[in-house]
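Participant: Input: one structure, supplied below.
The values are calculated or read from the model by the stated rules, or taken from the named source; none is laboratory data. Everything quoted here is computed from the prediction, not taken from an experiment. So basically every Cβ, Gly included, is an ideal-geometry build from the backbone, and we count neighbours across all protein chains shown. Heads up: the accessible areas ignore ligands, DNA and RNA and are worked out on the full protein's heavy atoms, side chains in. Shrake-Rupley method; radii C 1.70, N 1.55, O 1.52, S 1.80 Å.
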Amino acid sequence: MTHGDDRRTSLDPSTLAVHLGRPEAPGAPVNAAVELSATFRAGGAQTYGRDDNSTWDAFEVALGGLEGGTALVFGSGMAAIAAVLETVAVGGWVVAAGDAYNGTRRFLADAAERGRLAVRSADVADTDATLAMCEEVASAPNRRSSGGMLWLESPTNPLLAIADLPALIDGAHGLGLTVAVDNTFASPLLQSPLEMGADVVVHSVTKLISGHSDVVLGAAVTRSPELIEQLRTRRSLHGAVPGPMETFLALRGLRTLAVRLERSQASAADLAERLMARAGVSGVRYPGLPDHPGHKLAARQMRGFGTMLAFEVSGGAEVAEAVCQSVQLITPGTSLGGVESLIERRARWSGESHLPPALLRLSVGLEHPDDLWWDLDQALVRAQAT
Ligand SMILES: Cc1ncc(COP(=O)(O)O)c(C=O)c1O
């Protein structure tokens, strides 16, 4: 944008999502180019494609502006998560959300098994219990030399639990821990963990930010100059770099995030209400529902309740699978945050055995809510009749 910082700070995030990261010189294209070059002529700022790319820069300016920090784009959400967790020194501790994303838990379990990290899992919806665990970790004899991290996710995937981010961040900082927040489910438009004091935010850009299920990409955002340099080094040394074309598509997706969110979360709220009243359905989890245990907290720390919901069907895992086979419009499949709605029984995955077997996770897309309800209802009728 070309109008100076005074105007920029007063713009709504939905406007910033449209404008940040665009070339500004007279005659420039309105979209950052897809820079398809592995190397650069010597003597300039850019050197080699594993370290620099101007399409990355454009995306990083936009995401960093929305999250309120400096962003680094990675080849996937897991690459960003791995880079952040690798900043904890060997022998350090990580207290992590017990129902965090499966891949994060698998990464931590692997690091624990190899003796790289000591890992504890916590119910992050229980602030006192989580901080008590952090305190135990902070007083461990080897902790001070190796460091420690609290890994938060809110809402969690797939149980949609809400963590009290300001209280947990504050408490963990008081104990000397670094705090990371996976902000994938909320997106930068619905929740700002850095403003609540978090040290670093990660995203699976694959999901809401890209929004069209056509790229795999990740990002980390921080206000700490030391941390950004550590993460940049990790990205280069691990080689977990994003493709310029994927980054271009992610930035194009980010441009429409606000309007996609508006439609999808209105539909998610509508479907959650209808599911609550539907026979054969129980345990509807959507933070926008007044009886969700984290509803008040979510209303305080989020600017909307999101596009994800989960519910259980009576009849067990078989009926839940039958619902996934019976939908005609909603796509049965993993992932989330795309324009098309997706449904899956999460407990079908190894590593998800702690989940209720008949729990279905629904990622609400842009279809008309009446069409989505028609589809869910007919799938429930068919699955529960078999
Ligand atoms: C909350 C959350 N974080 C991180 C990831 C990992 O992202 P990616 O698949 O882009 O590596 C996922 C993927 O589903 C996720 O749901």
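Participant: Among ALA266, LEU342, GLY306, whose Cα projects farthest towards the positive end of the dipole of region 257-385, with charges put on the beta-carbon of Lys, Arg (+1) and Asp, Glu (-1)?
Facilitator: Highest projection toward the positive end goes to GLY306.
Participant: Length gain on complete extension for the stretch ARG300 to GLU229, per 0.36 nm per residue less the alpha carbon to alpha carbon distance?
Facilitator: So the extension gain works out to 22.3 nm.
Participant: Still on this structure: Please check: in the Gaussian network model of the chain (C-alpha springs, under 10 Å), which one of ALA172, ALA268, ALA28 has the largest mean-square fluctuation.
Facilitator: Highest fluctuation among the options: ALA28.
Participant: Defining a contact as two alpha carbons under 8 Å apart and six or more residues distant in sequence, what relative contact order in percent does the chain show?
Facilitator: After rounding, I find 16 percent.
Participant: In the full protein assembly as shown, how much of ASP123 is accessible to a 1.4 Å probe, in Å² to the nearest 10?
Facilitator: Its accessible surface works out to 100 Å², give or take rounding.
Participant: Given Cα pairs under 8 Å that are at least 6 residues apart, what percent is the relative contact order of region 1-94?
Facilitator: That works out to 22 percent.
Participant: Calculate the tail of P(r) for the chain: the fraction of all Cα-Cα distances greater than 28 Å, expressed in %.
Facilitator: 46
Participant: Could you calculate the FRET efficiency of ARG41 with HIS173 from 1/(1 + (r/R0)^6), where r is the beta carbon distance between them and R0 is 35 Å, rounded to 0.05?
Facilitator: That pair, ARG41 with HIS173, gives E of 0.20.
Participant: Just to be sure I understand: with springs between alpha-carbon atoms less than 10 Å apart, which residue in GLY316, GLY98, GLY49 has the highest mean-square fluctuation in the Gaussian network model of the chain?
Facilitator: Evaluated over the chain, the most mobile residue of the options is GLY316.
Participant: Rounded to the nearest 5, what % of DSSP beta bridges with both residues in the chain are antiparallel?
Facilitator: Once the DSSP bridges in the chain are tallied, antiparallel ones form about 55 percent.
Participant: Please identify, among TRP93, TRP374, TRP349, the residue showing maximal mean-square fluctuation in a Gaussian network model of the chain using a 10 angstrom Cα cutoff.
Facilitator: TRP349
Participant: Would you mind checking region 160-195 for residues with the amide N under 18 Å from a putative spin-label position 7 Å along Cα→C-beta of GLU352?
Facilitator: So the set is 160-161, 184-186.
Participant: Follow-up question, since we're still on this one. Pull out the extension gain between ALA385 and ASP126, defined as 0.36 nm times the separation in residues minus the alpha carbon to alpha carbon distance; nm, one decimal.
Facilitator: Values: separation 259, 0.36 × 259 = 93.24 nm, distance 3.88 nm.
Extending this stretch completely gives an extra 89.4 nm.
Participant: Let me check against my output: what whole-number percent is the relative contact order of region 257-385, with C-alpha pairs under 8 Å and at least 6 apart? Show your work: numbers first, answer last.
Facilitator: Numbers: 233 pairs, mean separation 33.5, N = 129.
Normalised by residue count, the contact order of region 257-385 is 26 percent.
Participant: Then there's this: Which ³J(HN,Hα) values in Hz, rounded to whole numbers, follow from the phi angles of region 179-191 under the Karplus curve 6.51 cos²θ - 1.76 cosθ + 1.60, where θ = phi - 60° and Gly and Pro get x?
Facilitator: Coupling constants for region 179-191: 10, 10, 10, 7, 9, 4, 5, 8, 6, x, 7, 9, 7 Hz.
Participant: Would you kindly state how much longer the chain becomes between ASP214 and ASP110 on full extension, computed as 0.36 nm times their sequence separation minus their alpha carbon distance, in nm to one decimal?
Facilitator: Gain on extension, ASP214 to ASP110, equals 34.6 nm.
Participant: Right, here's the next one. Tell me which of THR222, THR256, ALA79 sits at the most positive position along the dipole axis of the chain, charges placed on C-beta atoms (Lys, Arg +1; Asp, Glu -1).
Facilitator: ALA79
Participant: Rounded if a/c is under 1.5, else prolate if a/b beats b/c, else oblate: with a ≥ b ≥ c from the C-alpha gyration tensor eigenvalues square-rooted, which is region 242-354?
Facilitator: Judged from the Cα gyration tensor, region 242-354 comes out oblate (a/c at least 1.5, b/c at or above a/b).
Participant: Another one. When a/c is below 1.5 the answer is rounded, else prolate if a/b is larger than b/c, else oblate, so apply that to region 143-298 with a ≥ b ≥ c taken from the square roots of the Cα gyration tensor eigenvalues.
Facilitator: Oblate is the answer for region 143-298, as a/c is 1.5 or above yet b/c matches or exceeds a/b.
Participant: Taking the Cα centre of region 297-379 as origin and charging only Cβ (+1 Lys, Arg; -1 Asp, Glu), how large is the dipole, in debye to the nearest 20? All intermediate terms of the calculation are to be shown ahead of the outcome.
Facilitator: Numbers: 6 positive and 11 negative charges, 102 e Å.
Charge dipole, region 297-379, about its Cα centre: 480 debye, nearest 20.
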